[in-house]
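Student: Here's a structure for you.
Rule-based calculations on the coordinates, nothing more; no lab input. Remember, it's a predicted structure, so these values are computed and weren't measured experimentally. Don't worry about glycine lacking a Cβ; one is built from the backbone with ideal geometry, like all the others, and counts go over all protein chains shown.
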Amino acid sequence: MATLILALFFLFLLSLCISLLISVIGMAFGLVGLAFRLLPAVAVILVGLFFAQGGHVRRGENGNVTLELPSSWRLRR
């Protein structure tokens, strides 16, 4: 009888671990989905900040596009 109770206890622990693993994986995919949903809004905010702080986009003679960062975004050496 004791071995049956012990076996049931280990099966319970195993099912608990599996359900925890499934819920963690589900939450991870949920966070990835949330990040993809927020990505366009973050891009619009960054572009708005880029131009609001003085950033420029220049097109070269050969068609290359150059981004001139605002002075506040440049690294200081």
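Student: Helix-only estimate, please: 222 nm mean residue ellipticity of the chain, summing -39500 (n - 2.57) across DSSP H runs of length 4 or more and dividing by its residues, to the nearest 500.
Tutor: Rounded to the nearest 500, it is -25000 deg cm²/dmol.
Student: Quick one: in the chain, what % of C-alpha pairs are over 15 Å apart?
Tutor: Tail of P(r) above 15 Å: 76 percent of Cα pairs.
Student: Here's a follow-up. Helix 2-52 versus the longest principal axis of the chain: what is the Cα-based angle in degrees, 0 to 90, to the nearest 10?
Tutor: Roughly 10 degrees, rounded to the nearest 10.
Student: Which is farthest toward the positive dipole end of the chain among Gly30, Gly63, Cys17, measuring Cα position about the Cα centre, with Cβ charges +1 (Lys, Arg) and -1 (Asp, Glu)?
Tutor: Gly63
Student: What is the chain's relative contact order, in percent, from Cα pairs under 8 angstrom and six or more apart in sequence?
Tutor: Reported relative contact order: 16 percent.
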